[in-house]
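Here is the structure we will look at, set down as structure tokens.
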Amino acid sequence: MPKLEAYRDVVGAQTLEELRTLARYLEGKSVLHVNSTAVGGGVAEILNRMVPLLCELGLVATWDVIKGGEAFYAATKRFHNALHDDAQEAMPEDYQVYEETIEQNFARLRLDAQIVFIHDPQPAALVKKRRDSNNHWIWRCHIDVSRPHPQVWDFFKPYVERYDACVFSAPAFARQLSIPQVLISPSIDPLSDKNRELDRTEVTAVLDRLGIPTDKPLVTQVSRFDRLKDPLGVIEAFQMAKPYVNARLLLVGGSADDDPEGAQVLAEVRELAQDDPDILILSLPPTSHVEINAIQRASSVILQKSLREGFGLTVAEALWKGKPVIASAVGGIPLQITHQHSGILVHSIDGAAYWIRQLLRDPEYARRLGENGREHIRQNFLLTRHLRDYLLLFLSLDHPGEDWIHL
Amino acid sequence: MPSLMPRAAEPFRFFTRSCLTLMTGRKAKDLNELVDYLKTASEPVIYQHTHRFLRQHQYLVPEPSNDFAYWTTHMLQDERLGERLAAIDTVRFHSLNDLRRALVSTIEQHLGKDGILRQAPEGKEFHFMSAVQFSVPIQYQAHDLVEFRDCLSKVGIASLYLHIFEAMLRPPLGTNDFSHWLDTSLHETELAGRMAGLDLYSHTLEELRATMIGFIEGRLQELSHAEA
């Protein structure tokens with residue numbers, strides 16, 4: 001994995017100097033991250049890079065994962081959907097399954113680091129184990145909780161308020177809470193396999209291996225097969241645009257250990273697309289980072305037609321590759337795209353269809369959108385900015401209530 | 001190096017700044033809600049929405065604006081009030097409470113004249129935010145003009161922001177840290193005055209850096225000529 005110094009050419013010397021300066025005040029501090037899956041999904045990807053870099057900066061960073069059975073992941077998936085969308089509900093038995101699984105995890109998790117950093121709702125109730133104020137606890141919420149189902153939010157809120165601070169990805173996700181709420185957008189790693197530069201030969205080799213023809217421009221959505229990513233809506237938008245353009249739709253998805261719904265959604269997608277030879281569906285293992293990278297680089301237009309999003313890191317990934325992106329104006333996506341400047345924001349299937357036509361017809365305009373998008377990501381959504389924000393958050397924990405901290 | 005060049009007993013120590021953004025969970029969908037919360041919001045909230053814009057865009061073009069002006073113009077589509085809010089000279093105010101009063105008064109005057117209460121579309125509300133500021137010492141310090149010029153050319157843009165913009169809100173009010181030190185420690189009163197007199201909004205921070213270095217080099221040449 002790349003060392004911090006390898007980022008110098010991408011982010012500049014001053015950024016690295018700032019990180020090292022801040023980290024000096026945290027040397028030796030132990031930080032334990034806990035989430036619900038080691039592979040698949042944006043959180044695992046970020047932690048995979050964040051933890052080694054924190055260690056390189058002198059912190060003692062570790063990462064652990066809660067374990068649960070099928071019933072637990074089904075329950076937390078329903079919680080996840082209900083926190084995203086007030087129309088979704090959890091089952092009455094979900095709460096008990098959840099509490100029991102959390103109890104079982106106490107036996108195997110050591111939660112005595114100086115900073116315990118819990119990611120997302122699945123392990124949120126681990127804070128019950130917090131006995132005193134000897135260590136600090138942070139809850140990092142990666143999902144959009146601006147319109148949660150009230151009952152599910154009421155279940156989680158007392159747990160959330162036992163933390164020292166919580167972190168959200170966008171201003172609109174903030175809640176009325178008794179603890180400080182910190183705004184930290186997630187990030188992409190410009191040097192990871194998913195985002196590093198690839199030459200034309202590498203891209204072609206991957207596409208050949210995966211059997212993706214390049215005789216027509218590719219319109220691509222990369223996302224888990226999840227209803228909230230609206231893959232069926234993507235197919236509909238493409239089919240509306242198709243009479244006007246000569247292109248191929250590529251739906252690339254993976255699955256994560258904590259998402260039991262994925263297989264069912266994939267089956268529905270295959271069924272809807274089966275009669276259309278210009279729609280390709282690829283289900284890739286969660287470790288297919290170079291493949292995703294190559295597919296994004298080979299695409300002419302990238303879609304992210306989500307119905308709800310936490311942040312939508314696939315948008316940042318596509319923009320970083322200088323690609324024109326058409327994405328729904330939900331969750332953290334409007335933070336990444338300024339409409340008609342660094343990409344296209346849409347609100348409907350018709351909107352997505354209209355802009356697919358426009359961008360394929362005007363490649364020069366599409367190129368300019370991609371260029372602006374890449375610069376915006378460079379300034380705001382790379383891993384080094386994320387790392388700096390975490391260091392500042394850790395430093396702030398020892399100065400509760402202070403507006404100015406003089407180190 | 002000119003031998004007439006004064007040397008300070010106390011060096012200028014450069015700091016850099018970092019900022020962690022906090023959210024209050026409060027939002028406004030119209031001007032009544034905006035002005036109500038503005039009246040009671042903490043100073044860091046006022047600071048965040050009047051200086052954040054400046055920080056984010058410091059590397060692009062000068063942007064004499066604030067979040068209230070941006071939201072009013074683009075989300076409420078109220079260009080007239082947006083212009084008036086954008087015209088408030090943020091760095092002229094030596095206290096955030098004075099700045100708050102100016103913002104509240106401008107909005108209330110407008111509300112008194114304009115009977116229509118516009119509402120932001122759903123999802124475009126104004127979200128009140130705050131911040132924790134950090135000042136962190138860095139390796140650079142200067143005892144005289146040559147050292148000062150060399151440090152000024154090396155420090156990061158966040159350090160420039162701290163010593164030029166944020167200094168205006170700290171005692172001694174109304175001047176930047178560089179001018180204060182040049183005046184009180186090196187007795188370079190004229191040079192200090194020239195640097196304090198720069199129109200901060202007409203330059204990006206990189207342009208301010210280059211201009212200040214130009215002033216210092218000019219002064220160093222004067223000292224060399226005087227010696228000759």
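The values are calculated or read from the model by the stated rules, or taken from the named source; none is laboratory data. Note that the coordinates shown come from a computational prediction; the quantities given were computed from them, not determined experimentally. Please note: Cβ atoms are built from the backbone with ideal geometry, for glycine as well, and neighbour counts cover all protein chains shown.
Data for the structure
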read-out: Qualifying residue in region A:309-325 (condition: of a type outside the set (Asp, Glu), free of Cβ contacts under 8 Å to residues at least 40 places away in the same chain and assigned to a helix (DSSP H, G or I)); value: yes
read-out: Sole exception among (1) within 23 Å of B:ALA9 (Cα to Cα); (2) in contact (Cβ under 8 Å) with a residue 40 or more places away in the chain; (3) touching a helix residue (DSSP H, G or I) at 6+ places or on another chain (Cβ under 8 Å) for B:GLU227, by number; value: (3)
read-out: Test: residue in region A:237-245 that is assigned by TED's automatic domain parsing to the domain that holds A:ILE356, surrounded by 20 or more Cβ atoms within 10 Å (Cβ to Cβ) and in contact with an Asp or Glu (Cβ under 9 Å, 6 or more places away or on another chain); value: yes
read-out: Qualifying residue in region A:340-355 (condition: part of a helix (DSSP H, G or I) and within 11 Å of chain B (Cβ to nearest Cβ)); value: no
read-out: Check on A:ARG78, over 19 Å from the mean Cα position of the chain (by Cα) and either basic (Lys, Arg) or away from every other protein chain (no Cβ under 14 Å) (or both); value: no
read-out: Output for region A:174-189, where each listed residue is aliphatic (A, V, I, L, M) and outside any loop (DSSP other than H, G, I, E, B); value: A:VAL182, A:LEU183, A:ILE188
read-out: Residues being under 18 Å from the mean Cα position of the chain (by Cα) and within 14 Å of chain B (Cβ to nearest Cβ) - total across region A:356-378; value: 2
read-out: Residues located in region B:206-228, provided they are at pLDDT below 90 and either surrounded by 18 or more Cβ atoms within 10 Å (Cβ to Cβ) or not in a helix (DSSP H, G or I) (or both); value: B:ALA228
read-out: A:THR76 of a type in the set (Ser, Thr, Tyr) and at pLDDT below 95; value: yes
read-out: Every residue from region A:277-331 that is on the phi > 0 side of the Ramachandran plot and under 18 Å from the mean Cα position of the chain (by Cα); value: A:GLY312, A:GLY331
read-out: Test: residue in region B:201-213 that is among the charged types (D, E, K, R), under 24 Å from B:GLY156 (Cα atoms) and without any contact (Cβ under 8 Å) to a residue 12 or more places away in the chain; value: yes
read-out: Filter result for B:PHE178 (over 20 Å from A:THR15 (Cβ atoms), crowded, with 20+ Cβ neighbours inside 10 Å and either more than 14 Å from every other protein chain (Cβ to nearest Cβ) or under 18 Å from the mean Cα position of the chain (by Cα) (or both)); value: yes
read-out: Wholly within region B:68-175, helices (runs of 4 or more DSSP H) carrying at least 3 residues that are surrounded by 15 or more Cβ atoms within 10 Å (Cβ to Cβ) and without any contact (Cβ under 8 Å) to a residue 24 or more places away in the chain; value: B:79-86
read-out: Single residue of region B:196-205 satisfying the filter (in a helix (DSSP H, G or I) and out of contact with any helix residue (DSSP H, G or I) (no Cβ under 7 Å at 6 or more places or on another chain)) that is surrounded by the fewest Cβ atoms within 10 Å (Cβ to Cβ); value: B:SER202
read-out: Complete set of residues in region A:1-41 that are touching a residue at least 60 places away in the same chain (Cβ under 8 Å) and more than 26 Å from the chain's Cα centre (by Cα); value: A:TYR25, A:LEU26, A:LYS29
read-out: Which listed residue is surrounded by fewer than 20 Cβ atoms within 10 Å (Cβ to Cβ), at pLDDT 90 or above and more than 21 Å from A:LYS321 (Cβ to Cβ), from A:ARG196, A:ARG270, A:ARG200, A:ARG209; value: A:ARG270
read-out: A:LEU198 under 21 Å from A:ALA316 (Cβ atoms) and away from every other protein chain (no Cβ under 14 Å); value: yes
read-out: Residue in region A:380-407 that is surrounded by the fewest Cβ atoms within 10 Å (Cβ to Cβ), counting only those that are more than 10 Å from chain B (Cβ to nearest Cβ), under 23 Å from A:GLY12 (Cα atoms) and among the hydrophobic types (A, V, I, L, M, F, W, C); value: A:LEU382
read-out: Sole exception among (1) modelled with pLDDT under 90; (2) within 12 Å of chain A (Cβ to nearest Cβ) for B:LEU22, by number; value: (1)
read-out: Whichever residue in region A:142-189 is more than 25 Å from B:LYS124 (Cα to Cα), in contact (Cβ under 8 Å) with a residue 40 or more places away in the chain and surrounded by fewer than 23 Cβ atoms within 10 Å (Cβ to Cβ) and, among such residues, is nearest to the other protein chains (Cβ to nearest Cβ); value: A:ALA165
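Conditions (1) within 19 Å of the chain's Cα centre (by Cα); (2) within 14 Å of chain A (Cβ to nearest Cβ); (3) over 24 Å from B:THR40 (Cβ atoms), marked per residue:
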residue: B:ALA102; (1), (2), (3): yes, no, no
residue: B:GLY112; (1), (2), (3): no, no, no
residue: B:LEU117; (1), (2), (3): no, no, no
residue: B:GLY123; (1), (2), (3): no, yes, yes
residue: B:PHE126; (1), (2), (3): no, yes, no
residue: B:VAL146; (1), (2), (3): no, no, yes
residue: B:LYS154; (1), (2), (3): no, yes, yes
